[in-house]
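Enquirer: Have a look at this one.
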Amino acid sequence: MSVTLTFLGHAGFLVEDGGTKIAIDPFLTGNPVATMEASAVRCDAIVVTHGHADHFGDTVAIAKANDATVFGAFELCEYCSEMGVAKTEPMNPGGQVATDFGMVALTQAFHSSSYEGRYLGMPCGVVVRLGGVTIYHLGDTGLFSDLKLIGEIYQPDIAMIPIGDRFTMGPELAARAAQLVAPKVAIPVHYGTWPPIEQDAEAWQPEGVEVRVMGAGEQWDWGST
């Protein structure tokens, strides 16, 4: 079981298993730390945690260019369809969709979700199972105790956890979140993109959880025996 992760910067990733490539929160245009143009992204599916521009980002353009399927909250997918995206899988928190590559599930998250003033449904975390690996992107959630239950249910190998503060958890609460979810590896996200969310990711060390700090454009091959 193995996957390759490419960090797009801020909170976005490409995840692939050699056959399927999935984009998560592909915010590239206007992202000051991005090393890739949206036009260079090749993917089969896009999974979006919520509608804010720094997560929804280039979803529409990338979906159209790749004939990719967008997975996300019902209202977010409705908006994508209005914008000409041909393939969507509308969902809501607690729901799960079986796919050819594995599955996508949405979890509860405490945040907000809109795009250019339009409500785009509930903010979510997303769970993706690809290549036998389970990945949990917490989105922009605040801390809540059911993160422990989500971790117990999905048993993620990898979790992407926001640490930037102000709009998400800061390092202290994010450490508690990592300990509740208990992934094999935690990747800090949503920090350092702009001055209000500057953090020292190297100093973020949740107890009992391995941390992998990734730079924008960096690839990481994750495999388990």
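Enquirer: Name every residue in segment 128-148 that is more than 15 Å from the chain's Cα centre (by Cα), among the hydrophobic types (A, V, I, L, M, F, W, C) and assigned to a loop (DSSP other than H, G, I, E, B), in order of residue number. Walk me through how you get there before you give the answer.
Expert: Start the filter on segment 128-148 by keeping residues that are more than 15 Å from the chain's Cα centre (by Cα), which leaves 131-132, 143-148.
Now drop any that are not among the hydrophobic types (A, V, I, L, M, F, W, C), which leaves 143-144, 147.
L143, F144, listed by residue number.
Enquirer: Kindly provide the set of residues from segment 184-225 that are over 20 Å from D54 (Cα atoms), out of contact with any strand residue (DSSP E or B) (no Cβ under 8 Å at 6 or more places or on another chain) and in a loop (DSSP other than H, G, I, E, B), ordered by number.
Expert: Filtering segment 184-225 for residues over 20 Å from D54 (Cα atoms) gives 184-186, 200, 202-212, 219-225.
The next check asks that each one be out of contact with any strand residue (DSSP E or B) (no Cβ under 8 Å at 6 or more places or on another chain); those that pass are 200, 202-203, 207-208, 225.
Those that are over 20 Å from D54 (Cα atoms), out of contact with any strand residue (DSSP E or B) (no Cβ under 8 Å at 6 or more places or on another chain) and in a loop (DSSP other than H, G, I, E, B): D200, E207, G208, T225.
Enquirer: Could you list, in sequence order, all residues of segment 54-88 that are surrounded by 15 or more Cβ atoms within 10 Å (Cβ to Cβ), out of contact with any Cys (no Cβ under 7 Å at 6 or more places or on another chain) and not in a helix (DSSP H, G or I)?
Expert: Hits for segment 54-88 are G57, D58, T69, F71, G72, V85, K87.
Enquirer: Something else now. All but one of (1) farther than 18 Å from L8 by Cβ; (2) in contact with a Leu (Cβ under 6 Å, 6 or more places away or on another chain); (3) in contact (Cβ under 8 Å) with a residue 24 or more places away in the chain hold for A73; state the number of the condition that does not hold.
Expert: (2)
Enquirer: Hey, another quick one. Count, please, the residues in segment 76-112 that happen to be touching a residue at least 12 places away in the same chain (Cβ under 8 Å), in contact with a Ser or Thr (Cβ under 7 Å, 6 or more places away or on another chain) and among the polar types (S, T, N, Q).
Expert: Going through segment 76-112 one residue at a time, the tally reaches 1.
Enquirer: Here's something else I'd like to know. For G151, indicate whether it is crowded, with 16+ Cβ neighbours inside 10 Å, assigned to a helix (DSSP H, G or I) and of a type in the set (G, A, S).
Expert: Working: crowded, with 16+ Cβ neighbours inside 10 Å: yes; assigned to a helix (DSSP H, G or I): yes; of a type in the set (G, A, S): yes.
So G151 fits the description; yes.
For every residue, the table says whether it meets (1) surrounded by 13 or more Cβ atoms within 10 Å (Cβ to Cβ); (2) touching a Pro at 6+ places or on another chain (Cβ under 7 Å); (3) among the acidic types (D, E).
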residue: G164; (1), (2), (3): yes, no, no
residue: A174; (1), (2), (3): yes, yes, no
residue: K184; (1), (2), (3): yes, no, no
residue: D200; (1), (2), (3): no, no, yes
residue: Q219; (1), (2), (3): no, no, no
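No lab work stands behind these numbers, since they all come straight from the coordinates. Here the structure is a predicted model, which means the values were calculated and not measured. Using ideal geometry, Cβ is built from the backbone for each residue, glycine included, and neighbour counts are taken over all protein chains shown.
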